[in-house]
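The values are calculated or read from the model by the stated rules, or taken from the named source; none is laboratory data. In this text, all values refer to a predicted model and were calculated from it rather than measured experimentally. With ideal geometry, Cβ positions are generated from the backbone for all residues, glycine too; neighbour counts draw on all protein chains shown.
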Amino acid sequence: MIQQHGGNISRLDNIFDFSENINPLGTPESVKAAISEALSSIEHYPDPYCTELRSKLAVCEKMPAENIVCGNGADDLIFRIVHALRPRKALICAPTFSEYRKALEEVGCEICEHILTESSGFTMTDSFIEELDANYDICFVCSPNNPTGKLVKPEILKRLADKCHEKNTILVCDECFLGFVQNGADFSLRRCMNESCMILKAFTKLYAMAGIRLGYAAFGSTDLAQLVQNSGQFWSVSSLAQTAGIAALGEDDYVRRTAGYIARERNILISEMRDMGVRVFDSSVNFLLFRSIPELCEKMLSMGILIRDCCNFDGLSEGYYRIAVRTHEENTAFLNALRRCLNG
């Protein structure tokens, strides 16, 4: 079963869904309550500038609210950034999130891929930076990367940010999964941000708000932020999404508990899968990339487990799969099903 993205379970019943990388702790109760209370205001248009939400994000990000743009999920912002800037040539990694390529193709941008190899554990090195020259208008990196779960090392990120600034290249760093990482702030581009940098973040995965589309971009340049703010639809973020985001920003303990829970369950999954002889790649986040037998998706689905076939990611092929780190009960069910598949 090859999917464009995870989480496509509308036609499936009684399934443990390991294809989508959503927080297994579920949506915080404060977020649910805030949405419920906001229902009475849905007859009114939302604030197109997300004034209150951006004000709170400015405190979290320690930057002016004018440097923050909210959107209908991080995907919306990827397309708004690309359509606002109209880059002619871009550098991306492979494998990585497919929406960067899709957005760039929409504006006729020439796309160059830097292949992350299995032999290097899919880790970004200085070789990516060495490819950059003044001909590139924009580059996208994802840290932690999807589907590999790999962080970009802070020293690599710093050198990349500096070179992009030197070459007048826009650097977009997708940090949508960084909240799942213990001490994740130590790995953020925020620590070495300059006027050429943009950071993408989303509430979707971390706060289990996939049905409430909400993301934001933080910019090193106020002018770039204004350019992207003026791109795309005017009312891009619903009033319910803005309310949910404001409530979620008060859930610091929830985020800390999430990172600890994910780390414990991820280590169990990696250990058990490797004991079965499965090639599992190290990860810092709430999903795992691994290699196994052909047609594993279909076999696992017959046992009530939906996993992500990764053969449609550039740089990967048949036999690569991704699973989310779920609850302990679900993870145990996954391991039992995988053991039966591998043992015949």
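Working only within region 317-336, note down all residues that are in a helix (DSSP H, G or I), buried (at least 21 other Cβ atoms within 10 Å of the Cβ) and in contact with a strand residue (DSSP E or B) (Cβ under 6 Å, 6 or more places away or on another chain).
Residue satisfying the conditions is Phe334 alone.
Just one of Asp314, Asp282 is over 25 Å from Thr258 (Cβ atoms), surrounded by 14 or more Cβ atoms within 10 Å (Cβ to Cβ) and of a type in the set (Asp, Glu); which is it?
Asp314
Looking only at region 220-245, filter to residues that are under 20 Å from the mean Cα position of the chain (by Cα) and part of a helix (DSSP H, G or I); which one of those is surrounded by the fewest Cβ atoms within 10 Å (Cβ to Cβ)?
Val228
Which one of these is in contact with a strand residue (DSSP E or B) (Cβ under 8 Å, 6 or more places away or on another chain) and not assigned by TED's automatic domain parsing to the domain that holds Ile35: Ser283, Ser236, Ser302, Ser271?
Ser283
Residue by residue, here is whether (1) under 17 Å from Asp174 (Cβ atoms); (2) in a loop (DSSP other than H, G, I, E, B); (3) free of Cβ contacts under 8 Å to residues at least 12 places away in the same chain; (4) not assigned by TED's automatic domain parsing to the domain that holds Glu195 holds:
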{"site": "Ser119", "(1), (2), (3), (4)": "no, no, yes, no"}
{"site": "Met124", "(1), (2), (3), (4)": "yes, yes, no, no"}
{"site": "Glu130", "(1), (2), (3), (4)": "no, no, yes, no"}
{"site": "Ala134", "(1), (2), (3), (4)": "no, yes, no, no"}
{"site": "Phe140", "(1), (2), (3), (4)": "yes, no, no, no"}
{"site": "Asn145", "(1), (2), (3), (4)": "yes, yes, no, no"}
{"site": "Lys150", "(1), (2), (3), (4)": "yes, yes, no, no"}
{"site": "Glu155", "(1), (2), (3), (4)": "no, no, yes, no"}
{"site": "Ala161", "(1), (2), (3), (4)": "yes, no, no, no"}
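Hey, can you tell me all the residues within region 20-64 that are farther than 16 Å from Leu206 by Cα, of a type in the set (Ser, Thr, Tyr) and in a loop (DSSP other than H, G, I, E, B)?
Across region 20-64, the qualifying residues are Tyr45, Tyr49.
Pick from region 154-164 the residues that are within 15 Å of Arg190 (Cα to Cα) and out of contact with any strand residue (DSSP E or B) (no Cβ under 8 Å at 6 or more places or on another chain): which of them is surrounded by the most Cβ atoms within 10 Å (Cβ to Cβ)?
Ile156
Output the qualifying pairs, or none if there are none: Cβ atoms under 8 angstrom, residues six or more apart or on different chains, first residue in region 32-53 and without any contact (Cβ under 8 Å) to a residue 24 or more places away in the chain, second residue surrounded by 14 or more Cβ atoms within 10 Å (Cβ to Cβ).
Between residues of region 32-53 that are without any contact (Cβ under 8 Å) to a residue 24 or more places away in the chain and residues that are surrounded by 14 or more Cβ atoms within 10 Å (Cβ to Cβ), the close pairs are Thr51/Ala65.
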